[in-house]
Amino acid sequence: MKPFVFFIKLLLVIFMLMFIWGNSFLSGEMSQRESDLVLEVVEPVVEPVQEQLYEMGYDISKELIVRKMAHFTEYFILGILMYLLFVRPDGRSRYFLPVLLCAAAAGVDEGIQIFAVDRGPMLRDVALDFFGSCVGILGAALIVLFIYLGSERRRSERY
């Protein structure tokens, strides 16, 4: 991989981690305000989800759904970026390192909340973050695989 491309990918991972961990330093009140702003935008999507969960026996607030969706989404994006950072030009990758780094990032993320006012670490958030990153890694790996296989097929058809 060209050093410039690697550097750009690394910067994207660093910026994503700064965004995630920066949100973890917010106080409980500030974090709630951000969640409320997001809820105003995504409420048409969240409301049917909340209704489905209620029918299944889970009484979960829209705010909690938004917060957990944010956890999953942040780490889904981080998983994609981590995978792309370590993918090789032939489409092969070492999956262990991106998975390990995403798990570590999730642990650090929740650990940061020990120092935030009115917040605390939750093991289920680490699990949700880790799951989101694994889904992102798997999704990115599948896309890269299909692109690589498609380019190989086109290359073999030319000869």
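GNM on the chain, alpha-carbon springs under 10 angstrom: the most fluctuating residue among Y75, Y83, Y148 is Y148.
Note on the stretch 5-159: with charges restricted to the Cβ of Lys and Arg (+1) and Asp and Glu (-1), its dipole about the Cα centre is near 1220 debye. Summing charges over neighbours of T73, with a neighbour being any other residue whose Cβ is under 14 Å away from its Cβ, gives -3 when K and R count +1 and D and E count -1. Enter the accessible area of E74 (Å², nearest 10), with the probe set to 1.4 Å and all protein chains included. Using a 1.4 Å probe on the heavy atoms, I get roughly 30 Å².
Of the residues V99, V108, the one with the largest accessible area comes first in the ranking V108, V99, computed with a 1.4 Å probe on protein heavy atoms. Computed from the C-beta positions of W21 and F96, the FRET efficiency with R₀ = 25 Å rounds to 0.65. Relative contact order of the stretch 36-159: 28 percent, from C-alpha pairs under 8 Å at least 6 residues apart in sequence.
Seen from R124, the other residues with C-beta closer than 10 Å to its C-beta sum to a net charge of -2, counting Lys and Arg as +1 and Asp and Glu as -1.
The residues C134, C102, sorted by heavy-atom accessible surface at 1.4 Å with ligands and nucleic acids left out, run C134, C102 from largest to smallest.
For P48, neighbours were defined as the other residues whose beta-carbon sits under 14 Å from its Cβ, and their charges (Lys and Arg +1, Asp and Glu -1) total -3. Rounded to the nearest whole Hz, the Karplus-based 3J(HN,Hα) values (6.51 cos²θ - 1.76 cosθ + 1.60, θ = phi - 60°) of the stretch 47-64 follow the sequence 4, x, 5, 4, 5, 4, 4, 5, 5, 8, x, 10, 9, 10, 6, 4, 4, 5, with x at glycine and proline. Computed from the Cβ-Cβ distance with R0 of 22 Å, the FRET efficiency linking L145 to F4 stands at 0.35.
Note on the chain: with a GNM built from Cα contacts shorter than 10 Å, the maximum mean-square fluctuation among P48, P121, P98 falls on P48. Inter-part distance, the stretch 1-32 to the stretch 45-81, computed on C-alpha centroids, equals 22 Å. Share of carbon and sulfur in the accessible area of the stretch 1-102 stands at 70%, probe radius 1.4 Å.
Candidates Q50, L26, I8 compared by Cα position along the dipole of the stretch 1-72: farthest toward the positive end lies I8, with charges placed on Cβ.
The values are calculated or read from the model by the stated rules, or taken from the named source; none is laboratory data. No experiment lies behind these values; they were computed from the predicted model shown. Here Cβ is always computed from backbone atoms with ideal geometry, including for glycine, and neighbour counts include all displayed protein chains. Please note that ligands, DNA and RNA were not included when accessible areas were found on the heavy atoms of the full protein model with its side chains. Shrake-Rupley method; radii C 1.70, N 1.55, O 1.52, S 1.80 Å.
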